[in-house]
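Take a look at the structure below.
The values are calculated or read from the model by the stated rules, or taken from the named source; none is laboratory data. Note that the coordinates shown come from a computational prediction; the quantities given were computed from them, not determined experimentally. Positions of Cβ are backbone-derived with ideal geometry, glycine not excepted, and every protein chain shown enters the neighbour counts.
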Amino acid sequence: MIERLSNLTQDSEGWYEAGGGNTTVFSSLIGIPTSNLIAEINSTFNMETSYWVLDCPVLQRPASGAAIAPGINASSLLSIPGWASGWSQSWTFSTPIVYHNASDTNITPRKLYYTSYDDDQKMTYAECTMNTTYVEVQSACTGKVCAVTKIRSSTKLHPVPAYTLLYDFILVEYVGDFFKAVAGNMYTPTPVQRYFVNPGSPFNNTPDGMLLYTVGSTSFATSFAQLMNTFWIAGIGLSVISGGLAGNANLHNGTNTLTMVATVSTSREILICKRFWLSMLFVATGSMFIAGVFGLVLEFTRRAPDLAMNISSLTRDNPHIHLPPGGSTLDSVERSRLMQDVRVRFGDVAAGHKVGYIAIASCDNEQEVGKLRGEKKERFYS
């Protein structure tokens, strides 16, 4: 609805951005059916369209006893001659039967009257006027999924806004069918009334203190227009809403489908190589490869077993380490810091014996701890 975008800035050609978010208010719950869209192709096109917009300055709790809309005989519960209406125990809807030609310029907006029961078994009463808004939209489709990206008031000639297609012969049929879609048969709100209050869950009939006259006239008018536009689009081409248009099929009221020129494109993912990041990849993977090879070489050449512990932990109560007694309560990090000047070796502490013994030992006297290499290729260790 372009009327709800007044807080946004127009460009030099009158376009508003309509990219979604809190600023977008849709005129209908269903979109306009399209055809000849291919799933692998993106397309953009401009389209002229229109929708009904309502203004409901009167939204209130009526005086006691006002239970039905004007134009309905309270005793016979039938339409008064000259009125199109619908009545049930849940809500009523009526409008005068007045016809105009599209070329007429002296037309007043159509009046709509509405009443319904709230959860407290009391009534809400509304009076609305109805106009037509003509717009041009820019649509973008990703495959078969389309959305409006920009919208502006139509620059073409159209009938005055007060003229609506309900001024044509279809008035009585539309009002009757729209009402009977969700007529209701109890003195409780129907999904129509609950949509005004909770559009996300209109079929939840659990009473929650719904008082329709408190939603505000702007919100009520927007929701009412959305329901009427939705039923109008569905009524024009019921079979094409879910299945789409077949070729150049006509809509059931005799209106031909519109053919529009679209700009199409095909999207595909591509990889762009940046030389700097490619060189970084080579450096990183090369470094990991060299480290892996170097580790493999060390695995086959080392003579001592692999130690996966903190070296300072191996010095606790070690008779081969020349340290003063104490420090058993220190953690490994603090113990390592205090032992930063102590030189140790993982070697043979029984170098002078026939059978060696491997342990961590001080390097104060290198004769006491032998290195794990030498002229002898074989040596036994306990």
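In the range 1-40, the qualifying residues are those that are among the charged types (D, E, K, R) and assigned to a loop (DSSP other than H, G, I, E, B), and the one that is modelled with the lowest pLDDT is Glu40. Look at the range 118-145: where a residue is without any contact (Cβ under 8 Å) to a residue 24 or more places away in the chain, no partner that is assigned to a strand (DSSP E or B) and of a type in the set (D, E, K, R) sits 6+ places away or on another chain with Cβ atoms under 9 Å.
For (1) modelled with pLDDT under 90; (2) surrounded by 18 or more Cβ atoms within 10 Å (Cβ to Cβ); (3) not aromatic (Phe, Trp, Tyr), each residue gets a yes or a no:
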{"site": "Thr129", "(1), (2), (3)": "no, no, yes"}
{"site": "Thr142", "(1), (2), (3)": "yes, no, yes"}
{"site": "Val145", "(1), (2), (3)": "yes, no, yes"}
{"site": "Lys150", "(1), (2), (3)": "no, yes, yes"}
{"site": "Ser153", "(1), (2), (3)": "no, no, yes"}
{"site": "His158", "(1), (2), (3)": "no, no, yes"}
{"site": "Pro161", "(1), (2), (3)": "no, no, yes"}
{"site": "Tyr167", "(1), (2), (3)": "yes, yes, no"}
{"site": "Leu171", "(1), (2), (3)": "yes, yes, yes"}
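Considering Gly184, Gly235, the condition of being farther than 25 Å from Thr24 by Cα, at pLDDT below 90 and of a type in the set (Gly, Ala, Ser) is satisfied by Gly184 alone. In this structure, is Gly200 at pLDDT below 90 and either surrounded by 14 or more Cβ atoms within 10 Å (Cβ to Cβ) or closer than 21 Å to Ile30 by Cα (or both)? Yes: the conditions hold for Gly200.
Entry remark, the range 302-317: residues being touching a helix residue (DSSP H, G or I) at 6+ places or on another chain (Cβ under 7 Å) and over 25 Å from Asp341 (Cβ atoms) number 0 in total. At least 3 residues being acidic (Asp, Glu) and closer than 26 Å to Phe196 by Cβ is the threshold, and among the strands (runs of 3 or more DSSP E) wholly inside the range 80-153 not one reaches it. Of Ser50, Ser43, all but one fail to be modelled with pLDDT of 85 or more, of a type in the set (Gly, Ala, Ser), surrounded by 20 or more Cβ atoms within 10 Å (Cβ to Cβ) and within 30 Å of Ile32 (Cβ to Cβ); the exception is Ser43.
Can you pull out the residues in the range 352-379 that are more than 18 Å from Asp317 (Cβ to Cβ), at pLDDT 80 or above and of a type in the set (A, V, I, L, M)? Matches in the range 352-379: Val355 only.
Remark: Ser201 matches the filter, which requires a residue to be in a loop (DSSP other than H, G, I, E, B) and free of Cβ contacts under 8 Å to residues at least 40 places away in the same chain.
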